[in-house]
1. Checking the conditions here, which among B:Y324, B:Y330 is part of a loop (DSSP other than H, G, I, E, B) and either buried (at least 24 other Cβ atoms within 10 Å of the Cβ) or in contact (Cβ under 8 Å) with a residue 24 or more places away in the chain (or both)?
2. For the stretch B:485-500, does any single residue satisfy the condition of being of a type in the set (D, E, K, R), in contact with a Leu (Cβ under 7 Å, 6 or more places away or on another chain) and in the same structural domain as B:K575 (by TED's automatic domain parsing)?
3. Let me confirm something: among B:L456, B:L424, which residue is under 26 Å from the mean Cα position of the chain (by Cα), farther than 30 Å from B:A542 by Cβ and in contact (Cβ under 8 Å) with a residue 60 or more places away in the chain?
4. Here is a list: B:P718, B:P750. Which entry is modelled with pLDDT of 95 or more and buried (at least 24 other Cβ atoms within 10 Å of the Cβ)?
5. Checking A:R223 against (1) under 30 Å from B:P768 (Cα atoms); (2) within 21 Å of the chain's Cα centre (by Cα), which test does it fail?
6. Can you confirm whether the stretch B:393-408 contains a residue that is on the phi < 0 side of the Ramachandran plot, in a loop (DSSP other than H, G, I, E, B) and of a type in the set (K, R)?
7. When you go through B:A121, B:A146, B:A171 one by one, which is the residue that is closer than 27 Å to B:L701 by Cβ and within 14 Å of chain A (Cβ to nearest Cβ)?
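The values are calculated or read from the model by the stated rules, or taken from the named source; none is laboratory data. Since this is a predicted model, take the numbers as computed values, not measurements. All Cβ positions, glycine included, derive from the backbone under ideal geometry; neighbour counts span all protein chains shown.
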Amino acid sequence: MAIDAHPELPEFDYFRPATLMDASRFLAQHPAEARPLSGGTDIFVRMRDGFWHDKYLVDVKNIDGVSELRFDPTSGLSLGAGVNMNRVIASPQVQEHYPLLAEACRTVASYQLRTRATVVGNICNASPAGDTIGACLAYGGILNIHGVDGFRQAPLASFFLGPGKTILQPGDIATTVHFPLPPAGSAGTYIKLGRNTWSDLSIVGLTALGYPDPAAVSGYRFRIVLASVAPTPLVAATAQDYLEDTPPSPQAFKQAAILAQEACNPIDDVRGSARYLRAIVPTLTEKALNKVYKLMENRG
Amino acid sequence: MATPTLTKKVPHPVGDSVPRVDAYEKVIGAAQFADDLQFGPGLLYARIKRSHLPHALIKKIDASKALALPGVKAVVTGKDFSGFLGLYLQDRNIFCRDRVRYVGDPVAGVAAISEQIAEQALDLIEVEYEPLPGVFDPEYGASPEAPLLHPDLGKYEVANFIFPEPGTNIANHFRIRKGDIEAAWSQCAAIVERTYRIPHVQHVPIEPHVATAQVDDQGKVTLWGSSQSPFAQRYLIAKALGMSQSDVRVIAPFVGGGFGSKAGVSMEALAVAIATKTRGRPVKLRLTREEEFYTAFVRQGVVTHFKMGCDQDGNLLAMENRFYWDGGAYTEYGVNMTRASGYSSSGPYDVPNVKTDSYCVYTNHPVGGPMRGFGMPEMHVGLEQCIDELAHAIEMDPVQFRKINCVQGGDTLVTGMTMHPTGLSECLAKTAEAIGWGRKDPPSAPNKRRGKGIALMWKAPAMPPNAGSSAKVAMNEDGTVTVSVGGQEIGQGSFTVAAQLAAGALGVPIESVRVIKRLDTDSSPYEWQTVASRLTWSMGNAVVAAAQDARQQILEVVAKAWDENPDDLDIIEGKVISYKTEESISLKNIAIYGIPMPGDQGWVGGPILGRGNFMPTYVTGLDPETGQGPRAVVHYTTGAQAVEVEVDMDTGKVEIIRGAAAFDVGKAINPDMVKAQIEGGFVQGLSTALFEGMQLKEGVLQNPSFVDYRIATSTDVPRDIKAIIVEVGQDDGPWGARGVGEHSMVPTIPAVANAIYDAIGIRVGAPPYSSEKVYLAMLDAGLVE
Amino acid sequence: MSNHLIAVTVNGEYEQVEVPSQMTLLQMLRDKLALTGTKNGCNAGECGSCTVLLDGEPVNSCMVLAVECQGASIVTVEGLAQDGVLDPVQQTILEHGGVQCGFCTPGILISARALLDRNPNPSEDDIHESLVGNLCRCTGYLRIVDAVKDAASRQAEVAA
């Protein structure tokens, strides 16, 4: 929050469109003045801070099936934009098939905020510190976006452009995020360092997912995503490639961790200095990879 | 004047852990706080235009556009209010007049029909500034190079125990010159010299400040607010407006956390000033949480230089201290922390030679005010670490070193005062035992290191020498007792203590006692302020005196009716009994209507109203050059605290595994509430040790919200906190009691720092001991790579 | 649409309230319905003193628009006790000395009530998870955690 944050929300109009097309058209007709509203936990804070001045908030939480959590044993998991994080955490299908996503959601803020906050909202907010984004990237998430021209899909891998910046255009509403079935035998973990023991925004966040893959030289593939060390959630591609070619071992994980560190581009901010972030990334990455490997072994 | 209660048998419910008298209404949501009060449709809302520059001249203010905004009822600026505010030094205008001195300094105020409109009006007020160079460091501020922030320092009204240096930024310079420090150094076997920079922190009461003011057509003020100090606010605001105290009425409901932030006057005068222009309509001013962080009182930052030495047997011989307090833009309250740290600058130790210079320096930072501990937590951070270092230098156990040196009754203190009996040694011994001192348990994982640390503390109530309390005890027809005090319930349990003391001194069951839970300077008896951990002791004495006064009146009435000697009568469980005849009569009815004489021959008695007061009369001044005097303070509460920590070598994160603390409270009036203070203070201390620090950059606060000013949550608190009560009675406290509200957070930071040192062999320096600070210290020391 | 007429049930009572779009649920409760038990500590979803139940789930009412609550059921601290009988979470926090200044208390009670509603036998970790969004500056939390544990076992006794 800024020091001159207002005591109340500024004036705006609120409405609930009946259909997604109504919503998209309105949003496209009022670029820079209208915004889709889901959980609101990011929007209200910024409006009170004076950073966002939208005249219209368009509530998309409940239209057109956007509040559904659907799991299909062949096609995977679909989370609507209106599905709050507590629902994700509590879902037996998520716990069984996408445990990393539940684990990441659990680290967000507080129980009260998670009653409103949504995974889709976390994605669209596009903070480099977004706790659930790493899991979404690791699970290969694909966004369903509804715009003035109807639906289109966007893989998360190319969705983020910068802090708070995405490929979304005026009129676009992210309606669901879809995750294909995770590869058999996969395991993941999210290690988050905050200031408090629980809760807090991440000083640094480490998402790691691994799975056996006979097509890989090493027999395994890993997906590694770092939060809060770059302008966007950072996929450690070089480290991932290295582990595709190098059989898993504590040494390999150590080396992969160094490659992850080299990919980082942190800045000094109130939460932590670049020097500190760079210094602890390798240890946390190594820890995450070892843990994931052990989880995979226990399963297999 | 209260009868000394120390030697008498302790009557129930004094010493019992009775349930709080204010908790029920709080759990059902009925307890009213200042923002819950309803004022009807006439209520206006205020917002404040604040400086965004840390130091600047005000060239011009144009509020015409703001006044023209529909819904705006008044706009005020400093030109309408020339008076000064200040508890110990009158250096602050209500609104800035010619210059602004910190980011947030109030420049104008708006009252409007809604908070929204008032806020919009702020943007329409045009202020032209001429920026001036700023002072952001107290040592620089004290140097001749620094620009002068208060050129009129010499003209400000000031209490006679504060020593400003006009022509400089030094608002107070307190000196101690005891013994012969230069000779002493040559006799030291070990000397430690260190500097600690303590950052600003904020009280963070969960309830932000709020004040509603109304001025009637005769200029009489009513102020409703979240306030620890209704009487002090009445006094200070009346003075600033050129009124008399009786023209200002302050009404204070429950306070949602104070910790000192709601003492004195901070934002309340703004509401009153605005209300003078709204023709009788009440005006409510609320601080946002962001404003709470940077415009309300903060705990001053300080640069502390320590030098201390001991002989080869571990006896402390000499201490030389220089404290540069970052007083902020106005030091009207902060000057006294400078003094208090000065007269306590030996720490709780017997040191024959002490030289201290404690400076309160103006800077362009937020305003330093009283925060729990009043300079003691900040001072003990470095002091208690230097003590550990000295102990290590002569290869003595830190507990043993403290045992040799800790202050005892009869010692001559740093100001020349004689120390009263104190249980500090007992606190030390019990705390060391409770934490398992000397035993090192294995860490919980291979990447962790364990350590234990201990620290002692002391603190005296810091107040003017004549801070007084008074109380009323009124009887009711149904036999209940109404206790009226001026001390505020800020969560510490003062209303409950008042009820217990009244019940015990009068002889009625606790269930019969009602405490008036809303303070009103028109009807509540005077209380200087709810600060300094003084209520149980000072207000308590007044309550006991009032209850005894009522008791005496009752006994005299019954004695007359029964033709007996009052000395043969007593009040027990709400009944007057005669030890001689074994007759008894309930207090019901007789305490109001009196007792009829036999044969319908008239009546004796009348409505019983007991009154009592207490004011210490023995505090003396101190020599301005040496800080010496017969009696610097009323008394010291002493204590000890120890923690066990684990340091994560991968991240630097410090986890508090367990804690133990013991405080000498003289007499625990309500043992469970004392323990609750010990626990709560420990957690607030732990929070300042690990998380808290206001990040100020060129005078601008970078972390003005809970997002980046972190405080302890439930997950940060160790399960095992042992709270130990030690009781060595205070000669003039109710049944020997003295205060403990502040003390439990004083030693926490150094205890944690000493434990970190024990774990990883590194002194990390100044708090907060964030994972980053600890990790980078380990990295720089080569402990991790 | 800048003003909305909404229908909500608050503590079991049906209410019709006119609210501007930007009015938060917290403001509606305090300023329109005179339910001042729920507190404003930060207005940013951080301190939890504004916590209420929204359709049975705890939310920071400062982070919810009143208009979003059309048709919803809300429970505040004033709605916990029934006919003068305290809810177990209220009773136990009293007994354990978990109330000092009382400002955080309403939000804590709601978070605790919601926890026991969804998980009648919570572990200590579960209790922390439910309370980590409720800041307290006075008590140090331990007594509050103990109180919630105690409330859970008392409820279990009654149910048994």
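1. Residue meeting the stated conditions: B:Y330.
2. No: zero hits.
3. One residue alone meets the criteria, B:L456.
4. Just one listed residue meets the conditions, B:P750.
5. Of (1) under 30 Å from B:P768 (Cα atoms); (2) within 21 Å of the chain's Cα centre (by Cα), only one is false for A:R223: (1).
6. No: the stretch B:393-408 contains no residue that is on the phi < 0 side of the Ramachandran plot, in a loop (DSSP other than H, G, I, E, B) and of a type in the set (K, R).
7. B:A121
Rundown of residues vs (1) away from every other protein chain (no Cβ under 14 Å); (2) out of contact with any strand residue (DSSP E or B) (no Cβ under 8 Å at 6 or more places or on another chain); (3) farther than 19 Å from B:S771 by Cα, yes/no style:
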residue: A:A239; (1), (2), (3): yes, no, yes
residue: A:A256; (1), (2), (3): yes, no, yes
residue: A:S273; (1), (2), (3): no, yes, no
residue: A:Y276; (1), (2), (3): no, yes, no
residue: A:T283; (1), (2), (3): no, yes, no
residue: A:E286; (1), (2), (3): no, yes, no
residue: A:N290; (1), (2), (3): no, yes, yes
residue: A:L295; (1), (2), (3): yes, no, yes
